[in-house]
Structures are given as C-alpha cells and as structure tokens.
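Student: Dumping the structure here so I can ask a few things about it.
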Amino acid sequence: MQMTFRWYGEGNDPIPLSHIKQIPGVTGLVWALHDVPVGEVWPMDRILEVKGQAEKAGFNIDVVESVNVHEDIKLGLPSRIQLIENYKQTIRNLAQVGVKVICYNFMPVFDWTRTDLFKELPDGSNALFFEKAKTVDVDVTEVFDRITQGSKGFTMPGFEPEKRPLILNLFEQYKGMTEEKMFENLKFFLDAIIPTCEECDIKMAIHPDDPPWDIFGLPRLIKSEKNIQKFLDLNPSPYNGLTLCSGSLGSGTENDVAAIIRKFHDRIHFAHIRNVKHFDNGDFIECSHRSCDGDVDIADVVKAYHEVGFKGYCRPDHGRHIWGEEAHCRPGYGLYDRALGIMYMWGVWDALEQAQQRLGNIKTSA
Ligand code: DNO
C-alpha cells in the first residue's frame, strides 16, 4: 500500500508541503490542475511545474485527482468527440511525467455533495454533513450557493464558479436521462480512452458517486456492488478500474465496503479511506477514521486490503476539522485529522504485517 496525501497546489492549498512531509510514510501527492477549465487539455508546462514542486519536497506525482469529465460527455452530446480527444491528449501529457493513475468521476452536474460543510460534532470538532431533507424538492441553485458560500473562499471541485450560470440549463439537459443511458455514455467514453491508457500505462480509477444514491432527480451510477460489477464489465481492460472510496460507498447502509474490496481488489487502483456515521433518517456525518466512531469498519477495510496484498495507492479521504483549523482550512481537507487517519491505517496495517511475519516464522520453524 502506497500512502499519498491530496494537495490542491501552490497558492491553492494552505497546507505547506513541508508539513505533509512530516506525516509518516507519505510518499506521493495526489494533485490536479484545478484552474484548467473542464474539457481543456492540461498544458505540459503547468504539469512540469507541479512535478518540480513535488520532487523538490520529496514526493512522487503518480496519482492525479481528478481529470474531470465534461458534462457533454456524460450527456452524450456530439461535442463529446472533440472533448474526448482533448482528454486523451491530457492522458498522453500526464504519461510524460510518469503519472500512473487518474481518478475521475461520472457524477451528473455535481461532484460530492454535502448540505453543511462545518457541522459541529459532540467533541467540539466539526465535519462535512449531509441532511437528506435538504436535497429533496429544493432549488438547485440554492444548493450550489450554499456549498460555494460556505466553503470559506476555497474552490470546490465540481462546484466551479463558471458552472453557476449553467446549472438550470444543465438540469434541463439531463431531463429524461436514465441510468441505462448514462451507462451507455460512460461506455462510449471508456472505449474511446482506454486504448490510450493502455499505450501510456495509465490506469483509470472511477470514483463512486457520493452520496451513493440518486439526488436532485439525477441518476447516479457507481453506488453499489451490483453497479460496480456492471461498470467493470463495460470495458474489461485492467486499465478500467476503481477508486474505492470507503466513505462514499459507506454512506449507503446496504454497502458492505470490506466485502466490495475483497471482491473487486484486482481492479482497485486507488483507495480512499474514511469513516461516516449514519442517522436513521438517512442523514450522515463524517467522523474520525476509528471503526468505533462511525458505521464503516475501517479496521476491517484495511484488513481487506492487507489480505488481498494491495500494492496500489491509498489516501485518507476527508477528515474532520480539529484543533481550530476550521478557521483556515479547506472543507474536509484540513491537515490534522487526515494525518491522524493515516496513523490509524498504519497502526492496523503494521499489526497485520507483524502477525503475518510471526505466522511465517512459526511455519518455517515447524
Ligand atoms: C472528495 C473527492 C471527490 C473526488 C472526485 C474524483 O473529496 O474524493 O471530489 O476527487 O469525485 O473525480
């Protein structure tokens, strides 16, 4: 398991690389060019700039999160042909600096959605919260504004300001869109880009829909074991794989995340690990990584990765905002709780490694 940490880039992330360096065992930065408009080719000089910054600080840039997919591709519009060509050129450019995995999503209109970005927890920390009632029969521009205005000035992927005037039109365009049709559009995209990924040795890793159910009347695809199977069957290449996010899938009470990992491990290229706590009415809040603090058994999730000999990339996904950092951190992406999460994962992982070694010693001495 190769531990990484998401970093939003120089001038766009308040966490200095020197601080990330002090978290034990982090070898790579998960990065993106957040200011390049969705659909445009990522320029080589900008990619090289990030590579230089990362290498100077002692990190690899093997994982990109995300190269976002233009809505026209998800909608299956004729303009997708040129947009897919641009996507392929970005893949080729990223291959030139040795990128190995691209995380992306195929969520319609919005990326991950929460209704409150700084909801207080009983211990005085705060975290991302989803209140189901606030996503039913609501004005979607209000939802957009609540997220962007509550983000303390940080850019929120999927909620780019240029999208704001287009929201209503986008919802109009998605009218009548079905899960089946979106799966077809996803297959069209995959069949077009996977040969380029194979040539470039870059693995695609789709992120589950978050939360894993239809919201605002839009169909969502990557939300259950059944749909993950369907997705993987769309294109059987090993280059068509998953970002397995324990928090996104784990928000759905019916998803057994550890079982999903055990089943699909050979197609998981990137692991996002975090915990969530469910409420009976369908609301959920993000919480510490520790198994007993939430409803996803993170110790078992790590155990599943260990059991299958996972060699891919991993990152703590979101964290709570603790020790006052909500005053200046990006929602969900403070430093401290994500660092604590890493130490929890290493704790479980190292204990399993040692137990395995002891077992090996017993067997060889017997
Ligand atoms: C949330 C992230 C997602 C993820 C995208 C990938 O914090 O895990 O926003 O980056 O869905 O495209």
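Student: Which residues' amide hydrogens lie under 5 Å from the amide hydrogen of Asp295, considering only partners 5 or more residues apart or on another chain, with H built in the peptide plane?
Tutor: So Asp295 has HN proximity to Val276, Lys277, His278.
Student: What are the ³J(HN,Hα) couplings of the stretch 83-89, residue after residue, when phi is run through the Karplus curve with 6.51, -1.76, 1.60 and θ = phi - 60°? Round to Hz, x for glycine and proline.
Tutor: Along the stretch 83-89, the couplings run 5, 5, 4, 4, 4, 5, 5 Hz.
Student: Which distance in Å, rounded to a whole number, links the C-alpha centroids of the stretch 61-92 and the stretch 344-364?
Tutor: 42
Student: Long-range amide H contacts for Asp62: which residues qualify at under 5 Å (H placed 1.01 Å from N, peptide plane, sequence gap of 5 or more or a different chain)?
Tutor: Long-range HN contacts for Asp62: Leu29.
Student: Over the chain, what lengths in whole Å, largest first, do the semi-axes of the equivalent ellipsoid take, defined as the square roots of 5 times the eigenvalues of the alpha-carbon gyration tensor?
Tutor: 29, 25, 22
Student: Using each residue's phi in the stretch 165-177, evaluate 6.51 cos²θ - 1.76 cosθ + 1.60 at θ = phi - 60° and report the 3J(HN,Hα) Karplus result to the nearest Hz, with x for Gly and Pro.
Tutor: x, 9, 3, 5, 5, 4, 4, 4, 5, 7, 4, x, 5
Student: Now a separate question. If the chain between Asp201 and Ile81 were fully stretched, how many nm would it gain, using 0.36 nm times the residue separation less the Cα-Cα distance?
Tutor: That works out to 41.0 nm of additional length.
Student: Under the 0.36 nm per residue contour assumption, what length would be gained going from the current alpha-carbon distance of Lys230 and Phe216 to full extension?
Tutor: 2.7 nm
Student: Given DSSP loops and a limit of at most 15 other Cβ atoms within 10 Å, what is the longest stretch of the chain that contains no such trypsin sites (Lys or Arg not before Pro)?
Tutor: Longest site-free region, per DSSP loop and neighbour criteria: 22-151.
Each reported figure results from applying straightforward, stated rules to the coordinates on display, with no laboratory input. Given the structure is predicted, the values throughout are model-derived calculations rather than measurements. Heads up, the Cβs are rebuilt from the backbone with ideal geometry, glycines too, and the neighbour counts pull from every protein chain shown.
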